[in-house]
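The values are calculated or read from the model by the stated rules, or taken from the named source; none is laboratory data. Note that the coordinates shown come from a computational prediction; the quantities given were computed from them, not determined experimentally. Cβ atoms come from the backbone with ideal geometry, glycine included; neighbour counts cover every protein chain shown.
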Amino acid sequence: MKSYLQGIITGGVLVFATLVFIGAKKNGEVGRYTYHEDYKLGLDPPLQSMTIFDTKLGRGAKVVTHDTNTVYVDFFYENFLKAVEEEKQKRGLK
């Protein structure tokens with residue numbers, strides 16, 4: 001019985017490991033995109049903001065909706081970093 005149970009456990013571990021290694025890819029797309037949604041409910045009408053960012057290309061898009069007005073913003077990571085550094089310099093932060 002002991003060797004039978006040991007064989008079952010060993011077989012289960014091998015099957016599990018095989019499935020894990022089959023599912024693992026070097027060039028996988030898991031975690032490529034980040035998504036953030038924000039609501040400001042204290043305003044009348046409420047403000048809604050959605051941002052999606054492609055971490056591979058360094059490109060993002062933001063959609064801001066307030067009442068019937070919708071604004072689309074397209075941005076690149078390098079430009080975003082420059083804007084953050086400029087804002088820090090304006091505020092005297094480093």
Item to complete: Give me the pairs, please: first residue somewhere in the range 36-47 and among the hydrophobic types (A, V, I, L, M, F, W, C), second residue anywhere and in a strand (DSSP E or B), beta-carbon distance under 8 Å, and either six or more positions apart or on two chains.
Response: LEU43/HIS66; LEU47/TYR39; LEU47/LYS40; LEU47/VAL64; LEU47/THR65; LEU47/HIS66
Practice prompt. Kindly indicate whether VAL30 is of a type in the set (Val, Ile, Thr) and either assigned to a strand (DSSP E or B) or modelled with pLDDT of 80 or more (or both).
Written response: no
Fill in: Qualifying positions in the range 48-67 - among the charged types (D, E, K, R) and within 12 Å of ASP38 (Cα to Cα)
LYS62
Worksheet entry | Lone unmet requirement of (1) in contact with a helix residue (DSSP H, G or I) (Cβ under 9 Å, 6 or more places away or on another chain); (2) exposed (fewer than 10 other Cβ atoms within 10 Å of the Cβ) for THR55 | (2)
Item to complete: Would you please list the contacts, defined by Cβ atoms under 7 Å and residues six or more apart or on different chains, that run from a residue in the range 62-75 that is among the polar types (S, T, N, Q) to a residue that is in a strand (DSSP E or B) and surrounded by 10 or more Cβ atoms within 10 Å (Cβ to Cβ)?
Response: THR65/GLN48; THR70/VAL63
